[in-house]
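These notes are about the structure you will find just below.
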2 protein chains.
Amino acid sequence: MKKIPVRGMRDILPTDMVLRQYLLDIVERVATGAGYQKIETPAIEHLENLSSNDGGENETLIFKVLKRGRSLEKAIDAGESLADSALRYDLTVPLSRYIAANAGSISMPLKTLQIGPVWRADAPQKGRFRQFLQCDMDVIGASTVLAEMDIIKTTVEILSKICNDSGISGLTVHLNDRRILLAAASYAGFSEEESGGVLISLDKNDKIGLEGVRKELLDHGFGDEKVGKFISLFERAGEGISIFDFCRQLGEGAVEGSVLEDLDAIMSLEDSLQSENASVIFDPTLVRGMGYYTGPIFECTVDGFGSSVAGGGRYDKMIGKFSGNVDIAACGFSIGFERIITILGDVGFTPPNTQERVALLVDRKVPVEKYAQVLRDADDLRASGALVSVLPMAKNTRHQVELLEGSGYTRFEKIYAN
Amino acid sequence: MKKIPVRGMRDILPTDMVLRQYLLDIVERVATGAGYQKIETPAIEHLENLSSNDGGENETLIFKVLKRGRSLEKAIDAGESLADSALRYDLTVPLSRYIAANAGSISMPLKTLQIGPVWRADAPQKGRFRQFLQCDMDVIGASTVLAEMDIIKTTVEILSKICNDSGISGLTVHLNDRRILLAAASYAGFSEEESGGVLISLDKNDKIGLEGVRKELLDHGFGDEKVGKFISLFERAGEGISIFDFCRQLGEGAVEGSVLEDLDAIMSLEDSLQSENASVIFDPTLVRGMGYYTGPIFECTVDGFGSSVAGGGRYDKMIGKFSGNVDIAACGFSIGFERIITILGDVGFTPPNTQERVALLVDRKVPVEKYAQVLRDADDLRASGALVSVLPMAKNTRHQVELLEGSGYTRFEKIYAN
């Protein structure tokens, strides 16, 4: 029998759950208050659904579920695949399948909130686990930019609330559009087939810089001229270039006017955000890893904490892959739950206590026939709004009280045989 | 791409989530109010931990996780096991491992609340799925019956709240003790080794009746006399036999006096339960499937709805299997979340709306530059406490409004370009 969790997995202690629960409560309260409805998809998905969805490197990190009984025997004998299902590596692929499967039972446009674990067989490291929680909001069946704006605004409200509570300063929403990125690649002379790979290289900009991206593209065998033309677009961009100025470089009509209008509308959100510390900026080097995005893409960063705490975008073509016929408009924002937990841990934030906590410590010598009365007494205390825990008194009572104080208990009543 | 969920799995629709969320909220509010602290264990466990824990038939229903990369290749070449980890089939085995692993970081006695999915490859049927939610409360490190009483009382408060809200009538807690069952088997002449199997047969009493149990025991090759003596104990018991009268049949000292005192204390809970509709009865035929119980065992039924909605007991020997040395006292009660959801569905219960719901329906012709203003208006409405959802207006607006009314929306504002 092994007592340490499976490699890359973790146990969550009561004290750590307090912070997680605080974060979950905010996400649920704000998102459902804005009309996002909770849904759930199963943890196990068809392997074929997970293996061909532009999921990028996540697809190489899948935990497969072994076939069972006769079908396992058959697979072994025939040298066939040992698995036809696997644990989901994100919530977007299952959501897309879900929408296709339940189109008849749900009303669109639909705003969903999905919170649940996902699994990736990444090399474990500090703060990175093989099972972790994702929180996704999605707007399904809405083709206008109202969807992006609603989802970005709601996400920023959630993150602002957390920043306010914990004393973390401002938020920045980074905005770009897949169609602008493709127009930029096309302007530089890359073919449609080449664009996907080129953008994956550009995505590394924040780690290796534009010179690193240039080198990688040249290493991939792309010509000097194309690569130079592409990189220079972003060199000239620098900080704070307007969407209009960036797109003007690509030539008249390279990016449709409606795309610019949509992005302008998203930028205008800045004035509507309740938080005074949130800004929305155009970031032409923002790529997002997944190839399934079709329109605006966005990330949110907490000032002073590097990598993003939320990311998403429009993916109008993905549900159609499951429904087999029509495309269904879709747009999502995924909150980096674990990343935020890490940041809150780093700043030493502890959620405020909202309820008085009382411990009734029952001495071992109290006769059993008195126990029911102790439990009734606890009820009476609860009636006044307190959290009341009845506990056997530990031998080292002082240590027990100290630990309970660490969990927010402020009142102790010791019950003796009399 | 397959759009139907993997066999035995299910998608949970927004309307179904409302009921599930209502139930979860009650469990969390009552349990944490009584001092139970939330914890989490990973979904994936060591296969060896799941395969030898008196988990009964659950152990045959395990979903195994395929090894990866080099270790999979090695396993195939060597004809070794293709998996060394698997999805948990309950929350008790992972909890026991958790306590052993984290003994240095947690304070005992510890009261835990664990809510999470488990997986069993059962034959799917109506209301039974291969992934389902379990809600477990456990008291760890408390050897007195105060633990059982606290956990039973808290569970009954949860179930009573649900019964009150939904108009379902009374609850019955069924109580027995593993030590009484073993004494009964011993009294009839069964050896210690035989007792486990005998009790598994007795457990079928509610399905096949005492005559069925008698037949099964005879089929297993046990002698007429032993079987007759054993069955007659329960025949004489009938309804409402007292613990004292049942144990008197087994002879002086067959059951220790402290066991009877503990059970009496649990029975006395009936007077302390806030619900007037809950009773506690001694049920000598109650067995519980798992062999890991060591003391009191209990189940809770909702009057008129047959099978139990919660079950648990004391299991003082299980954590010791993981910690490798000392036994740690433990006692748990698992709420049958999915069973309760089915019952609430059968009686047609809908959770009460606690918040006004407003939909702002935005016509397609409203120009994008007006969207930010609409979102600000929604914020203003939210400030008054309402849930406000901004949605694109559907082409069939009347149908959209009807569907939203079905989700509890009562106020609609249509926004046109004007």
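The values are calculated or read from the model by the stated rules, or taken from the named source; none is laboratory data. Predicted model only: the values in this text are computed from it and were never measured. Note that we place each Cβ from the backbone using ideal geometry, even for glycine, and neighbour counts take in every protein chain shown. Only protein heavy atoms, including side chains, enter the accessible area calculation; ligands, DNA and RNA are left aside. Shrake-Rupley method; radii C 1.70, N 1.55, O 1.52, S 1.80 Å.
A few notes on this one:
- The residues of the protein assembly as shown expose, per residue, 42 Å² of accessible area to a 1.4 Å probe.
- Once A binds B, the 1.4 Å probe can no longer reach about 8700 Å² of accessible area, counting both sides.
- Here each label is just a point 7 Å from Cα along the line to Cβ, and for B:E192 and B:S232 those points are 2.8 nm apart.
- Cα convex hull, the protein assembly as shown: 183 Å³ per residue, rounded to a whole number.
- With the label put 7 angstrom out from Cα along the Cα-to-Cβ vector, A:F305 ends up 4.1 nm from the copy partners, going from closest to farthest.
- Farthest positive-ward along the protein assembly as shown dipole, Cα basis, beta-carbon charges - from A:A254, B:L50, A:F333: B:L50
- Buried on assembly, segment A:259-278 (at least 50 Å² less accessible surface than by itself, 1.4 Å probe): A:S272
- Assigned charges on the beta-carbon of Lys, Arg, Asp, Glu; segment B:20-130 dipole about Cα centre (debye): 400
- Between B:K74 and B:Q21, the modelled labels are 4.7 nm apart [label points 7 Å from Cα along Cα→Cβ].
- Rg and Dmax of segment A:305-418, based on Cα coordinates, read 25.0, 76 Å.
- Of all beta bridges that DSSP places with both ends in chain A, some 70 percent have antiparallel geometry.
- Sparsely packed trypsin sites (Lys or Arg not before Pro) within segment A:110-206, loop by DSSP, other Cβ within 10 Å at most 10: A:K126
- Calculated from the alpha-carbon coordinates, segment A:357-415 shows an Rg and a Dmax of 11.3, 32 Å respectively.
- Counting only other chain Cβ atoms within 10 Å of each residue's Cβ, the peptide B:89-101 averages 2.
- Inter-chain shielding of B:146-153 (mean C-beta neighbours from other protein chains, 10 Å cut-off): 5
- Percent of beta bridges antiparallel (DSSP, the protein assembly as shown, rounded to nearest 5): 70
- Nonlocal amide H pairs with B:S85, under 5 Å, H built at 1.01 Å: B:L47, B:V65
- Listed by chain and number, the lysines placed with their C-alpha closer than 24 angstrom to that of B:K215 are B:K204, B:K207, B:K226, B:K229; residues fewer than eight positions away on the same chain are left out.
- When a 1.4 Å probe is rolled over the protein heavy atoms, the share of accessible surface on the protein assembly as shown that falls to carbon and sulfur comes to 48 percent.
- Amide H contacts under 5 Å for B:E40, placed H, 5+ residues apart: A:I12
- Nearest-to-axis residue of chain A, judged by beta-carbon position, where the axis maps A onto B, in Å: A:L66, 2
- Modelled FRET efficiency - R0 56 Å, A:T354 with B:V326, Cβ distances, 0.05 increments: 0.90
- Loop GluC sites (Glu not before Pro), segment B:178-266, which have at most 10 other Cβ atoms in a 10 Å radius of their Cβ (DSSP): B:E239, B:E252
- Mean projected area of the Cα convex hull of segment B:73-209, taken over all directions, amounts to 14.5 nm².
- With Cα atoms, 0 to 90° folded angle of helix A:14-33 axis to chain A main axis: 60
- Cβ-placed point charges (K, R +1; D, E -1), dipole of the protein assembly as shown about Cα centre in debye, nearest 20: 740
- In this calculation the C-beta distance from A:T410 to A:L61 is compared with R0 = 41 Å, giving a FRET efficiency of 0.35.
- Computed from Cα atoms, the angle from the helix B:371-382 axis to the main principal axis of chain B rounds to 50 degrees.
- Qualifying aspartates and glutamates (Cα of each under 13 Å from Cα of A:K395; at least 8 residues distant if same chain): A:D363
- Selection from A:S169, B:I158, A:S81, by position along the positive dipole direction of the protein assembly as shown (Cβ): A:S81
- Exceeding the 19 Å Cα-Cα cut-off - candidates A:K317/B:K2; A:K365/B:K317; A:K414/B:K317; A:K321/B:K2; A:K111/B:K126: A:K365/B:K317; A:K414/B:K317; A:K111/B:K126
- For chain A, the calculated P(r) over all alpha carbon pairs, in 20 Å bins from 0 to the bin holding the longest distance, is 22, 48, 24, 6, 0 percent.
- Counting Cβ atoms of other protein chains within 10 Å of each residue's Cβ and taking the mean over peptide B:389-396 gives 6.
- Per-residue SASA remark: B:L110, around 10 Å² accessible (1.4 Å probe; ligands, DNA and RNA not included).
- For B:D377, label point 7 Å along C-beta direction: distances to other copies, nm: 5.9
- Sparsely packed GluC sites (Glu not before Pro) within segment B:382-418, loop by DSSP, other Cβ within 10 Å at most 11: none
- Net length gained if the chain between A:S169 and A:F305 were fully extended (0.36 nm per residue, minus Cα distance): 48.0 nm
- Exam field: B:K414 pseudo-label spacings to other copies (7 Å along Cα-Cβ), nanometres: 7.1
- Rounded to the nearest 500, the helix-only mean residue ellipticity at 222 nm of chain B stands at -12500 deg cm²/dmol, with each DSSP H run of n ≥ 4 adding -39,500 (n - 2.57).
- Angle in degrees between helix A:192-202 and the longest Cα principal axis of chain A, rounded to the nearest 10: 50
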